[in-house]
Amino acid sequence: MGSSSAWRWAFALFLLVFLGVSVAGGRLAYFAIIPASEDEAVESTVLVARGTGPAEIARQLAAGKVISSAEDFLLIGRVMRKWKSIRMGEYLVTSAMTPLEIFSLLASGKSIQHLVTIREGQNMYEVADLLEKTGLAARDRVLALCRDREFMKAHGFLEPLPPSLEGYLFPETYSFTRVETPEQMLATMVRKYRAVWADIRAKHAASILALGLSEHQMITLASVIEKETGAPEERPMISSVFHNRLRKKMRLQSDPTTIYGMWERYSGNIRRQDLLTPSPFNTYTSPALPLGPISNPGRHSIEAALNPVESEYLFFVSQNDGRHVFTKTYGEHTSAVKKFQLDPRAREGKSWRDLKQSKN
């Protein structure tokens, strides 16, 4: 007889005494220490959320075929006073586990962890989509919380409040459980942002002071820089162009800001009319930063916003490979646009606009 089997039967004898030597007691003792199926074990998950009672837990386990009797499982829990120790969580259980082992797992709090990766440059709409896709939160609830003024105040934001939590949901890989609320998940992202910003502020205090921009303005600018280039090494130069234009009170004329302002009706193409339609985020119509961030920037884009390289560049145009050509005068910029954007041969198979059209 193996040690595991010997342990089970020794414990069964104890249960017989504890439960009373009877047919019913013997059956429950046997049920408590014998798996539902050891040979062909099946896996299932059980979700213990706030308010989930013993009957619902037993029902989930029986439906998943990891216990043979919901009634006996309920009774074992009551007799042995196991139900009071159950903790919220999502648990992976198998039919090779005994009911006592299942109780032990449910009392451990070792919930299944779901990894959620927010990439640099994703906006709050994309974060909400991601959380809904993974089954962790409803999209509409996440977006409502992102705009909730009381929620923002409760998590350290001061008047004047930002328009939303956009820009403050720090890009990172997070580990969440299904029993965490959308409020808790967003709070975790904001706490991560605050920790990163505190470190950046300490290291770049002189730059922040010299630029004279508020934290919100810095994060707004960083979010635009994040969306403008796919080449990390270009960020300080992109930052330089924007800082130069802001000093001259020139419009930033950034396509991503216009796209963000019409995000929920954006079809994949920007029309001339879109660029001419004023909105708080349209930097083609306003000679200033947009109302707030247009994405959630990573640390490197934030640092680029604080530390632009010195240059006289006022323009840049995409080379269709993720990189840009930087120019000082409008004439030089016009020539670069003709070369890289108006010439179909330069854009063929490269431009995101052409790629989008080829899919439609």
At what distance in nm do the modelled label points of Glu101 and Gln253 sit from each other, each positioned 7 Å from its Cα along Cα→Cβ?
6.8 nm
Convert each backbone phi in segment 245-255 into a coupling constant with the Karplus relation 6.51 cos²θ - 1.76 cosθ + 1.60 (shift: θ = phi - 60°), then list the ³J(HN,Hα) values in order as whole Hz, x for Gly and Pro.
5, 5, 5, 8, 6, 8, 5, 5, 6, 9, 3
For the chain, the dipole about the Cα centre with charges only on Cβ (Lys and Arg +1, Asp and Glu -1), to the nearest 20 debye, works out at 600 debye
Straight-line reach check, Lys153, cutoff 25 Å on alpha carbons, 8 or more apart in-chain or any other chain, hits among lysines -> Lys192
Placed amide H near Ala36: partners under 5 Å, 5+ positions off or other chain
Met97
When Lys and Arg each count +1 and Asp and Glu each count -1, what net charge do the other residues less than 14 Å away from Ala138, Cβ to Cβ, add up to?
-1
Ordered by fewest other Cβ atoms within 10 Å, a rough proxy for footprinting exposure, His324, His114, His216 read His114, His216, His324
Restricting things to alpha carbons, tell me how big the chain is in terms of Rg and Dmax, in Å.
29.1, 97
Under 5 Å from the placed amide H of Lys328, counting only residues 5+ away or on other chains, we find Leu314
What are the ³J(HN,Hα) couplings of segment 141-153, residue after residue, when phi is run through the Karplus curve with 6.51, -1.76, 1.60 and θ = phi - 60°? Round to Hz, x for glycine and proline.
5, 4, 5, 4, 5, 4, 9, 6, 5, 5, 5, 5, 4
For His114, which sequence-distant residues (separation of 5 or more, or a different chain) have an amide H within less than 5 Å of its own amide H, given hydrogens modelled in the peptide plane?
Phe176, Thr177
For segment 314-330, take each phi angle, set θ = phi - 60°, evaluate the Karplus expression 6.51 cos²θ - 1.76 cosθ + 1.60, and give the result in whole Hz per residue in order, putting x for glycine and proline.
10, 9, 8, 9, 5, 8, 6, 10, x, 10, 10, 9, 9, 9, 9, 10, 5
Between segment 184-250 and segment 100-117, what's the alpha-carbon centroid distance in Å?
39 Å
Calculate the FRET efficiency for Phe157 and Gln341 from the Cβ-Cβ distance with a Förster distance of 41 Å, rounded to the nearest 0.05.
0.55
With a 10 Å radius around each residue's Cβ, average the other Cβ atoms per peptide and rank 291-300, 263-272, 227-236, highest first.
291-300, 227-236, 263-272
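Values quoted throughout were computed directly from the atomic coordinates according to the rules given, and no laboratory measurement underlies them. All values derive from a computational prediction rather than experimental measurement. Positions of Cβ are backbone-derived with ideal geometry, glycine not excepted, and every protein chain shown enters the neighbour counts.
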